[in-house]
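Asks: Below is a structure I'd like to ask you about.
The values are calculated or read from the model by the stated rules, or taken from the named source; none is laboratory data. No experiment lies behind these values; they were computed from the predicted model shown. Cβ placement follows ideal geometry from the backbone for every residue including glycine, while neighbour counts extend to all protein chains displayed.
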There are 2 protein chains.
Amino acid sequence: MALEHAILVSLAERASTGYDLARRFDKSIGRFWTATHQQVYKVLARMEGNGWISATHVAQEGRPDKKVYDITALGRGELAQWIARPAEAEAARSDLAVKIRGASFGDPAAVAEEVRRHRATHADRLDFYLANEKREFPDPAALTGHRLHQWLVLRGGISLERGMIDWFDEVIAALAPRPTPEDRP
Amino acid sequence: MALEHAILVSLAERASTGYDLARRFDKSIGRFWTATHQQVYKVLARMEGNGWISATHVAQEGRPDKKVYDITALGRGELAQWIARPAEAEAARSDLAVKIRGASFGDPAAVAEEVRRHRATHADRLDFYLANEKREFPDPAALTGHRLHQWLVLRGGISLERGMIDWFDEVIAALAPRPTPEDRP
DNA sequence: ACTTGCAGTGCAACTAGTTGCATAGCTAGG
DNA sequence: CCTAGCTATGCAACTAGTTGCACTGCAAGT
């Protein structure tokens, strides 16, 4: 289970509220681990119970009070141990792959259309990552420590998106009924 | 939820027992959707309740009796509808990415070592897929129908593995403490 | 004036998936 | 002879994650 540990990494970088964490899981780290805010709050409560994190109540004016969580020594220990613990390669899960595989049992043209849609989404994501990289890591060769590690994960996102886009292009080319002369009005 | 639909695709291709399905989910389709046998049996029971599949009890000698499931007309309808229903891009989840991101809070050299291990696993998988492709799909240009779709999913696996391996190489190069002269005895 | 959206936390009920166990007979290897 | 592994199905108890709802109060747009 990596959500707990993803949260520990986030908190080790910077103390945050559940709200902030939930938003961050929609963004940077979220490329490799998502969580809804409900899930985040639930897990934070458990982690506090474990003594991995501690909360500070912060009163605010004009907006709701908040609880800022920080990682404890125990949490740091757990994180280091988890990082050291070898893990198995996890299986990729893809609805779209299942649909492609089953295209003959539905409408292959519609599947091609959906693949096209996904291709566009992933192309946007790729652009977003590349823009991020240019802006935040203009000189990768000079990176060290946790900035280097952040960059590496971003690179992973880039690699993955590229792989998917290449694949989608292959699928579209194979599934798309070539526009025939009759398609012209 | 794609497990049900992945099972429908499998059964549409060929009637099978829960046991066979579970094994198949360790293999071909399993590259994009895994399930333990317990999960498969549970879902099969629900699907039979829905009328999507029907079971035939087959007595055997020397080995346990089995229940062969086949897809029903209702199941085919559901499958076609699901394939037509657009879905959102699902988030990739990767423990390893979280570990890389948090490498500074553990032992970066150990993380590099783990990435190396995963690289080896994925390289093996890639070889396995490529061998499969050569053996089962020697002439991709001639493929049509569900053989084509099977091939496309295999191509997806290949693309994905390649993307990961590239990324792992980048990570290893960046994290690995270069062997210094002192490392020589 | 009214709606939308943001900041902020959380509960309740659900679905999906995992882990551990049980059972039973056959086959193959040490 | 004994152990390990395959075929075959399934229950029980658990953990993880999703969906829907609730509450407050401010700011900004229509």
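Asks: Could you tell me which numbered condition B:GLY18 fails, if it satisfies all but one of (1) surrounded by 15 or more Cβ atoms within 10 Å (Cβ to Cβ); (2) more than 8 Å from DNA strand D (Cβ to nearest atom); (3) within 20 Å of A:VAL98 (Cα to Cα); (4) not hydrophobic (A, V, I, L, M, F, W, C)?
Replies: Just one mismatch for B:GLY18, condition (2).
Asks: Can you say whether A:ARG24 is within 12 Å of DNA strand C (Cβ to nearest atom), modelled with pLDDT under 95 and under 26 Å from A:SER159 (Cα atoms), as far as the supplied structure shows?
Replies: Yes: the conditions hold for A:ARG24.
Asks: So, one more: If you scan region A:118-166, which residues turn out to be facing another protein chain (nearest Cβ under 9 Å), of a type outside the set (A, V, I, L, M, F, W, C) and closer than 30 Å to A:ILE100 by Cβ?
Replies: A:HIS118, A:THR121, A:HIS122, A:ARG125, A:ARG155, A:GLY156, A:GLY157, A:SER159, A:GLU161, A:ARG162, A:GLY163, A:ASP166, listed by residue number.
Asks: I would also like to ask the following. What single numbered condition from (1) near DNA strand D (Cβ under 8 Å from one of its atoms); (2) more than 9 Å from chain A (Cβ to nearest Cβ) fails to hold for B:ARG93?
Replies: So B:ARG93 meets the others, but not (2).
Asks: Pick from region A:21-58 the residues that are surrounded by fewer than 15 Cβ atoms within 10 Å (Cβ to Cβ) and aliphatic (A, V, I, L, M): which of them is farthest from DNA strand D (Cβ to nearest atom)?
Replies: A:VAL58
Asks: Follow-up question, since we're still on this one. Can you pull out every residue in region B:96-116 that is exposed (fewer than 15 other Cβ atoms within 10 Å of the Cβ) and facing chain A (nearest Cβ under 8 Å)?
Replies: The answer is B:ASP107, and nothing else.
Asks: Here is a list: A:SER54, A:SER94. Which entry is among the polar types (S, T, N, Q), at pLDDT below 95 and within 15 Å of DNA strand C (Cβ to nearest atom)?
Replies: A:SER94
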